[in-house]
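Worksheet: one structure, shown below.
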There are 2 protein chains.
Amino acid sequence: MKLTILGCYAATPRTITNPTSQVLEIKNRMFLIDCGEGTQVQLRKNKIKFSRIEHIFISHLHGDHFYGLVGLISTFMLLNRQADLHVYGPKGIKEIILLQLRLSNSYTGYNLYFHELESTESEVVYEDEKVVVKTIPLKHRVYTNGYLFLEKNIERKLNIDAILNHDIDVVYYNKIKYGGDITLEDGRVIPNEKLTFDPEPAKSYAFCSDTVYDESIIPLLENVTVLYHESTFLDSEEYLAEKTMHSTAKQAAKIAKLANAEILLLGHYSTRYDKIERFQEEAQTVFTNVILADDGKEIEF
Amino acid sequence: MKLTILGCYAATPRTITNPTSQVLEIKNRMFLIDCGEGTQVQLRKNKIKFSRIEHIFISHLHGDHFYGLVGLISTFMLLNRQADLHVYGPKGIKEIILLQLRLSNSYTGYNLYFHELESTESEVVYEDEKVVVKTIPLKHRVYTNGYLFLEKNIERKLNIDAILNHDIDVVYYNKIKYGGDITLEDGRVIPNEKLTFDPEPAKSYAFCSDTVYDESIIPLLENVTVLYHESTFLDSEEYLAEKTMHSTAKQAAKIAKLANAEILLLGHYSTRYDKIERFQEEAQTVFTNVILADDGKEIEF
């Protein structure tokens, strides 16, 4: 997986920082996650081809997470996009976008599908043969979902020595990868576990923004490879975090620890703080493997 | 008057160009004209204080002219703005903004007034003791207005020599400035024209974007100081201008000439052209005094 941070600061765009937006690439698919104002410029700056984005996941309807969406949809239109576009987000998002397109007498030449969310339970919102995306219900001032992206790694790894030993033809390799046993010409059956190794562990990415500290999401996050968890505030402003239904860096770290995450990625920093390194320092008092999101940063895992 | 160009390119924001937005300062008032995506960042870059903007004029509901408005309104909210904000624009603009605020559970702490426009005749939309703003009905693919900003220069200039000659007390100066005659102690009446010179000619600014070539606006523009007229295309793409209801640089120049404008300011360039100097060259074949808008440019007149 490759994650590109387009913007990771709370509140409004500034000359030097951008509101939330990320691009996640999994097995050649590009998923856009949140779309604050200016996202299309950030996509350009990071040289991400607009045409590769087919699925956009919006966490909630606060401006710093979706005010760039209507502009992006319009730009796709001007670029004569043909491919379908799917938008996942809270109920209401369709009305917002379609009202603006209607009043501007604009209609997309491509199919635009809205998948509006209302459930407060986790649900699968996207699935293909290689990736599953589930919602992570979050607690914030408005209806909010994080998203959990899971690779499906069902292909077993071929044990080439064993396969050659049994003189098995290459046409059977796919069958073996997907767990099949092989019957040789002499009638002997070679069980799959003699011909393969276990698959690479499937990787996963959890995007949790914005949310108050909430342990009820931990079962969904268990053993996640990378957990992005918002950390709007430092410990000294914990009272503000509670009041505004955001989290502190330490709280994010506590969630990462309880979920046994491999890596914690922090972001959604309040612009009141000069140095984002302080978020890392505070989180590391609770959980070791902490990295900081920053606009333009790429993370491969 | 001082005009700051925040963005002046057609279509969508790019890393190097911005969609339409301008700030016009007249007699200490700041008017924001159009508000494409990214306008709040452009305001920051140009060091314009957000709190000084109290009136926003939107020409039409195409994205490149108003997608930055909801973000700016939200930012005003986060900055705890207290002053009233007035938004002038086509019918529908109120519904777009309020829907988004409602769905994000956000309410402005300041008074937000919408002045929705539907008339196809020019009308006065703003007036105080120093400035008048009128609409300029334009012909485009959706309902569109330009705006004409007129200084009121009704104060006559004092003829200090004449005033001192007649030994007139300073308390009468204001009366004289506003055209009053003066009765001296010996009963003689001194007519105003003996005590004053004509006022400086009032300056004016006309903002015309977006529009097809349309001579019917000329009576409104007569003798305007600065005419901003969109020039999306060059002459070689006149057929596209007609098709998309935009103008060419030459057509803009023809309007400036017929209106007897002092200065023509071009903008809303299609991003298909590398060098905006070509717009100036083509316009100058018709009208001499042509300047080019560009992002960040300031023009005083």
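The values are calculated or read from the model by the stated rules, or taken from the named source; none is laboratory data. The model shown is predicted, which means the values in this text are computed figures rather than measured ones. Virtual Cβ from ideal backbone geometry, glycine too; neighbours counted across all protein chains shown.
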Do we find a residue being assigned to a loop (DSSP other than H, G, I, E, B) and either within 16 Å of A:D210 (Cβ to Cβ) or touching a helix residue (DSSP H, G or I) at 6+ places or on another chain (Cβ under 6 Å) (or both) anywhere in segment A:48-59?
yes
What tally of residues in segment A:109-146 results from selecting those that are in contact with a Leu (Cβ under 9 Å, 6 or more places away or on another chain) and assigned to a strand (DSSP E or B)?
14
Could you please let me know if A:G71 is of a type in the set (G, A, S), in a helix (DSSP H, G or I) and either buried (at least 23 other Cβ atoms within 10 Å of the Cβ) or touching an Asp or Glu at 6+ places or on another chain (Cβ under 7 Å) (or both)?
yes
When only residues in segment A:94-107 that are more than 8 Å from every other protein chain (Cβ to nearest Cβ) and part of a helix (DSSP H, G or I) count, which is farthest from A:H140 (Cα to Cα)?
A:R102
Within segment B:119-138, identify whether any single residue is within 14 Å of chain A (Cβ to nearest Cβ) and touching a residue at least 24 places away in the same chain (Cβ under 8 Å), and answer yes or no.
no
Residue under question is B:I96, and the condition is that it be more than 18 Å from the chain's Cα centre (by Cα) and either of a type in the set (A, V, I, L, M) or not assigned by TED's automatic domain parsing to the domain that holds B:L148 (or both); does it hold?
yes
Of (1) touching a strand residue (DSSP E or B) at 6+ places or on another chain (Cβ under 9 Å); (2) farther than 29 Å from B:N28 by Cβ; (3) exposed (fewer than 15 other Cβ atoms within 10 Å of the Cβ), B:N165 satisfies every one except (1)
Among the helices (runs of 4 or more DSSP H) contained in segment B:204-301, which hold 3 or more residues that are under 30 Å from B:I154 (Cβ atoms) and not hydroxyl-bearing (S, T, Y)?
B:218-221, B:249-258
Please find, within segment B:1-10, the residue that is farthest from the other protein chains (Cβ to nearest Cβ) out of those that are under 23 Å from A:L78 (Cα atoms) and not in a strand (DSSP E or B).
B:C8
The lone condition A:L150 fails out of (1) under 30 Å from B:S106 (Cα atoms); (2) modelled with pLDDT of 95 or more is (1)
Search segment A:11-24 for residues that are within 7 Å of chain B (Cβ to nearest Cβ) and pair each with any residue that is buried (at least 24 other Cβ atoms within 10 Å of the Cβ) and charged (D, E, K, R) when their beta-carbon atoms are under 6 Å apart and the residues are at least 6 apart or on different chains.
A:A11/A:D64; A:P13/A:E37
Single residue of A:I255, A:I276 found to be within 23 Å of A:H62 (Cα to Cα) and at pLDDT 95 or above
A:I276
Can we say A:E54 is at pLDDT 95 or above, surrounded by fewer than 20 Cβ atoms within 10 Å (Cβ to Cβ) and within 17 Å of the chain's Cα centre (by Cα)?
yes
Would you tally the residues in segment A:64-76 being among the small types (G, A, S) and more than 9 Å from chain B (Cβ to nearest Cβ)?
0
When you go through B:L61, B:L85, B:L112 one by one, which is the residue that is more than 20 Å from the chain's Cα centre (by Cα) and either surrounded by 15 or more Cβ atoms within 10 Å (Cβ to Cβ) or more than 10 Å from chain A (Cβ to nearest Cβ) (or both)?
B:L112
Just the residues that are out of contact with any Phe, Trp or Tyr (no Cβ under 7 Å at 6 or more places or on another chain) and over 12 Å from B:H55 (Cα atoms), please, taken from segment B:23-40.
B:K27, B:N28, B:G38, B:T39, B:Q40
Suppose the filter is in the same structural domain as B:M30 (by TED's automatic domain parsing) and under 25 Å from A:I97 (Cβ atoms); does B:G109 pass it?
no
Being in a strand (DSSP E or B) and within 20 Å of the chain's Cα centre (by Cα) is the filter here; which residues of segment A:147-180 pass it?
A:Y147, A:L148, A:F149, A:L150, A:E151
Taking B:L79 and the conditions (1) more than 9 Å from every other protein chain (Cβ to nearest Cβ); (2) at pLDDT below 95, which numbered condition does it fall short on, given that it satisfies the others?
(1)
Which one of these does A:S59 not meet: (1) in contact (Cβ under 8 Å) with a residue 60 or more places away in the chain; (2) within 27 Å of B:R141 (Cα to Cα); (3) polar (S, T, N, Q)?
(2)
Sort out which residues of segment B:42-64 are among the β-branched types (V, I, T) and more than 26 Å from B:E95 (Cβ to Cβ), and write them in order of number.
B:I48
Residue count, segment B:226-245, condition in contact with an Asp or Glu (Cβ under 6 Å, 6 or more places away or on another chain) and within 20 Å of B:S59 (Cα to Cα), comes to 1
Cβ pairs under 8 Å, 6+ apart, first in segment A:272-290 and within 13 Å of A:T232 (Cα to Cα), second in a loop (DSSP other than H, G, I, E, B)
A:Y273/A:L234; A:I276/A:D294; A:R278/A:L234; A:F279/A:S231; A:F279/A:L234; A:F279/A:Y273; A:E282/A:L234; A:A283/A:S231
Would you mind finding the one in B:E193, B:E185 that is part of a helix (DSSP H, G or I), within 30 Å of B:A162 (Cβ to Cβ) and outside the structural domain of B:V124 (by TED's automatic domain parsing)?
B:E193
Just need a number here: residues in segment A:25-45 that are facing another protein chain (nearest Cβ under 10 Å) and in contact (Cβ under 8 Å) with a residue 60 or more places away in the chain.
2
Kindly indicate whether any position in segment B:129-144 is surrounded by 18 or more Cβ atoms within 10 Å (Cβ to Cβ), in contact with a Lys or Arg (Cβ under 9 Å, 6 or more places away or on another chain), modelled with pLDDT of 95 or more and closer than 22 Å to B:I255 by Cα.
yes
Of the conditions (1) in contact with a strand residue (DSSP E or B) (Cβ under 6 Å, 6 or more places away or on another chain); (2) crowded, with 22+ Cβ neighbours inside 10 Å; (3) of a type in the set (D, E), B:E238 fails just one. Which one is it?
(2)
Can you tell me which condition A:R81 does not meet? The list is (1) within 30 Å of A:A10 (Cα to Cα); (2) free of Cβ contacts under 8 Å to residues at least 40 places away in the same chain, and all the others hold.
(1)
